[in-house]
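Peer 1: This is the structure I have questions about; it appears just below.
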Amino acid sequence: MDTGQIIAVAAAAVFFVWYFAGALLNRRRAAELIRAVRGAVGAVGEGPTIRWHGRSAFEVSVAEPVPPLTAFRLLCLLEPRDFPLALAWNRLRGRRDQVLINADFARPPRAGAPDPGRYGIPGLTGVELRAEQPHLRLVLQVGAGGEAAIEKSVALVRELAAAQPGGRPV
């Protein structure tokens, strides 16, 4: 074998090992995030169900949200730890494991996009209030050790729901 073939085989071996190690890390990370999500969604209702979308994404829906919420759904997109080039690209762009929260209120809010920084939640990169459903969209970047931000974001959902016209404190 010449030098080019050796380099190609070595690179293939590295990517092969990385793929399985990354898949294992994603499985562990998913378990951590599910624990954090389960603890947080109890505050917005009962009957949460988890549905997997492949190996790197899951959705949690609450069957019976507390008023003034009428719907609550959380989607978690894991980092591509099993593919090093995509992982590096996401990290360069500041992306981590993403938690997307969608909620509907009993009464539509006034549309707007408040500054996420005003809420003081680490990793909160997007807040959008809309007149059409979903009424609230939150985007959260959750790094390792930052799982407490999920609970804070769910508390923000409750706070924003209560602040809407006709909303009652929850």
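Peer 1: Does anyone have the angle between helix 148-162 and the longest principal axis of the chain? Alpha-carbon axes, 0 to 90°, nearest 10?
Peer 2: 30
Peer 1: In addition: Explain nothing, just the number: relative contact order of the chain, from Cα pairs under 8 Å at least 6 residues apart, as a whole percent.
Peer 2: Worked out over the chain, it gives 20 percent.
Peer 1: Hey, can you find the accessible area per residue of segment 1-42 for me, probe 1.4 Å, expressed in square angstrom?
Peer 2: 70
Peer 1: On to the next question. Under the Kirkwood approximation for Rh and a Cα-based Rg, what ratio Rg/Rh is obtained for segment 1-97?
Peer 2: Working: Rg = 18.8 Å, Rh = 15.7 Å.
That ratio is 1.20, to two decimals.
Peer 1: Take the solvent-accessible surface of the protein heavy atoms, probe 1.4 Å, and return the percent of it on the chain that carbon and sulfur atoms account for.
Peer 2: Answer for the chain is 58 percent, counting heavy atoms of protein chains only.
Peer 1: Next question. Compute the angle between helix 3-41 and the longest alpha-carbon principal axis of the chain, please, reported from 0 to 90 degrees and rounded to the nearest 10.
Peer 2: The answer is roughly 20 degrees.
Peer 1: Another question, if that's okay. What Rg and what Dmax come out for the chain when only alpha-carbon atoms are used, in angstroms?
Peer 2: For the chain, the Cα-based Rg and Dmax read 19.3, 75 Å.
Peer 1: Amide H neighbours of Phe105 under 5 Å, counting only residues 5+ apart in sequence or on other chains, H built in-plane at 1.01 Å?
Peer 2: The answer is Thr70, His135.
Peer 1: May I pose another question? Quick check for you: with a 1.4 Å probe and neighbouring chains kept, what is the accessible area per residue of segment 51-156, in Å²?
Peer 2: Ligands and nucleic acids excluded, the result is 51 Å² per residue.
Peer 1: Hey, what number do you get for the chain at 222 nm if only DSSP H runs of n ≥ 4 count, each worth -39500 (n - 2.57), divided across all residues, to the nearest 500? Numbers along the way, then the final one.
Peer 2: Details: 3 runs with 63 residues, N = 170.
Result for the chain, helices only: -13000 deg cm²/dmol.
Peer 1: Taking only the alpha-carbon atoms of segment 72-122, what semi-axes of the equivalent ellipsoid follow from 5 times the gyration tensor eigenvalues under a square root, in whole Å, largest first?
Peer 2: Calculated on Cα positions only, the semi-axes equal 29, 15, 8 Å.
The values are calculated or read from the model by the stated rules, or taken from the named source; none is laboratory data. Computed from a prediction, not measured in an experiment: that's the story for all the values here. For the accessible areas, the whole protein counts, side chains as well, though only heavy atoms, and no ligand, DNA or RNA atoms are used. Shrake-Rupley method; radii C 1.70, N 1.55, O 1.52, S 1.80 Å.
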